[in-house]
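What follows is one structure encoded as structure tokens, with my remarks underneath.
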Amino acid sequence: MTQILKKLNGGTVEITTAILTDLKASLRGRLIDKEDAGYDDARALWNGMIDRRPGLIVRAKDVNDIRLSVNFAREYDLLIAVKGGGHQIAGHAVADGALLLDLSQMKAIHVDADKATATVEPGCLLSDVDQETQLYGLAVPLGINSTTGIAGLTLGGGFGWITAKHGLTIDNLRSAQVVCADGQVRVASATENSDLFWAIRGGGGNFGVIASFEFALHPIGPEVLSGLIVHPLADARGLLQGYRKICARAPDELTIWTVMRQAPPLPFIPEVWHGKEVLIFAVCYAGDMKEGEKALKELRDLGTPIADVIGPHPYAGWQQAFDPLLTPGARNYWKSHDFLDLPDKAIDILLQALGALPDPQCEVFIARVGGAMARVAEGATAFPQRKAHFVMNVHTRWSDAAKDADCLTWARDLFAQTTPFSEGSAYVNFMPQDEAGRVGTAYGANMERLRKTKAKYDPCNMFRLNHNIVPVMAAQAAK
């Protein structure tokens, strides 16, 4: 049966049965069309708002399958999408009518404990990486939802509980195996294809398909001092004022983030508070626990908490603590800002919005990132925002499609009202699909170098289904 697929620059192309038979015979993985079992599973994404139907799916097993797929897309001028964990909020990993390169079956991990490195394939989730590295008491800085894919997280930057101590995920990337648009497999590192290495550390999937990552690891765990402190949202103004002061002088080992939402029915929260608005401090101390207790005293002395469940927890378990609130399939829309500070006026706007949550699953999340991350030069990687700052994510989440308009309006209004207090930068992993205009802002002074690097490795913009960096030549031609 022939297949009709979208071309890269518009129109369609018919791929004959004979061509498909040859491709299938060449792959170690599977070639899946719309009639095959596994099609819906391969195209499924974490964000339930995204429901797209690719024309054909290659479920890759190794780097050769990736290379064959890229060459196939180039030969027939196909629109190609690349899916790792499928967690990105914008849903760029799948496109209607495109060739989908699904990397989810490439999940091998090799830890070299003597060298403190891990080689990780792109289909791994964060939980896969933590599980393997923690067998040796080691970890790489990752995000906070363990169902996130390692590839998307890394290519966008990657921050989490140990970023202040050990840097962003990209700061711990030592090398990567990249299949570029010309079908060549290149090693990107500080000594090989260093321009490509610079670009993939924050530049997203614009420069090729990553077949494997090599990360530096750090001793951590198996337990860390971590947990939650829950307060009434009515006390949030004073709590956030105290929080910003504590963050300004916190040691690198201490990470404190805030979540403001309706209290979920967790067993340690008194039932009378379930469904009521709360502020939650989420805490991790990546160091000696006795020192951690001292470092946390000021935070624990703030206000009168509803619950305080900070204590020793397995590091891998703490990495999964928020998973129950972030399960796949719900409808999600995010809007985010970077703030150098949390001025009182911004706090007041946040609290007003939190008094009118459009759904019980909605929340505002504020992360403080700094420490080791902020000691890297702005131009050292494609990720540009290296000042210590607060990241606000308006995490709008709901299940009923009838609430779409209310939830989207709430998020966009809060984003607009807090824009005057923002730094103007953006974290690409938090950008939804309707923010293509923010790509230049996200990369700031690094944008022109990224466009030139894109022109070198992907001059035809094959890898465009992402927060796209248009190659210089293509941008000039469009003028």
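The values are calculated or read from the model by the stated rules, or taken from the named source; none is laboratory data. Here the structure is a predicted model, which means the values were calculated and not measured. Neighbour counts are summed over all protein chains in view; Cβ atoms, including those assigned to glycine, are modelled from backbone coordinates with ideal geometry.
Below is a table of values for the structure above.
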{"item": "Boolean, T453 is more than 16 Å from G202 (Cα to Cα), surrounded by 20 or more Cβ atoms within 10 Å (Cβ to Cβ) and not hydrophobic (A, V, I, L, M, F, W, C)", "result": "no"}
{"item": "Residue within segment 109-121 that is charged (D, E, K, R), surrounded by 24 or more Cβ atoms within 10 Å (Cβ to Cβ) and within 20 Å of the chain's Cα centre (by Cα) present", "result": "yes"}
{"item": "Contacts under 9 angstrom Cβ, first residue in segment 392-410 being in contact (Cβ under 8 Å) with a residue 40 or more places away in the chain, partner part of a strand (DSSP E or B) and acidic (D, E), 6 or more apart", "result": "M392/D338; N393/E363; V394/E363; H395/E363; T396/E363; R397/E363"}
{"item": "Residue that is in contact (Cβ under 8 Å) with a residue 60 or more places away in the chain, crowded, with 24+ Cβ neighbours inside 10 Å and touching a Phe, Trp or Tyr at 6+ places or on another chain (Cβ under 7 Å), where the choices are G157, G149", "result": "G157"}
{"item": "Odd one out for E298 among (1) within 30 Å of G203 (Cα to Cα); (2) of a type in the set (D, E); (3) in a helix (DSSP H, G or I)", "result": "(1)"}
{"item": "Check on G238, more than 19 Å from G287 (Cβ to Cβ) and surrounded by fewer than 23 Cβ atoms within 10 Å (Cβ to Cβ)", "result": "yes"}
{"item": "Neighbours by Cβ (under 6 Å, 6+ apart or cross-chain): first from segment 424-445, over 19 Å from T396 (Cβ atoms); second in a helix (DSSP H, G or I) and at pLDDT 95 or above", "result": "G440/M447; A442/V428; Y443/L450"}
{"item": "Filter pass, A402 being among the aliphatic types (A, V, I, L, M), at pLDDT 95 or above and closer than 17 Å to W257 by Cβ", "result": "no"}
{"item": "Among (1) touching a helix residue (DSSP H, G or I) at 6+ places or on another chain (Cβ under 7 Å); (2) surrounded by fewer than 21 Cβ atoms within 10 Å (Cβ to Cβ); (3) modelled with pLDDT under 95, the one test that A426 misses", "result": "(2)"}
{"item": "Criterion (within 27 Å of I366 (Cα to Cα) and either buried (at least 23 other Cβ atoms within 10 Å of the Cβ) or touching a helix residue (DSSP H, G or I) at 6+ places or on another chain (Cβ under 7 Å) (or both)) met by exactly one of L103, L126, L99", "result": "L126"}
{"item": "From D344, D338, residue being over 30 Å from K454 (Cα atoms) and not hydrophobic (A, V, I, L, M, F, W, C)", "result": "D344"}
{"item": "Residue count for segment 168-202, restricted to those that are under 17 Å from V120 (Cβ atoms), outside any strand (DSSP E or B) and not hydrophobic (A, V, I, L, M, F, W, C)", "result": "4"}
{"item": "Top-ranked residue in segment 187-200 [being surrounded by fewer than 24 Cβ atoms within 10 Å (Cβ to Cβ) and either aliphatic (A, V, I, L, M) or in contact with a Leu (Cβ under 7 Å, 6 or more places away or on another chain) (or both); ranked as nearest to M373 (Cα to Cα)]", "result": "A190"}
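Conditions (1) of a type outside the set (D, E, K, R); (2) within 19 Å of the chain's Cα centre (by Cα), marked per residue:
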residue	(1), (2)
A377	yes, no
H389	yes, yes
V394	yes, yes
D406	no, no
V428	yes, yes
D434	no, yes
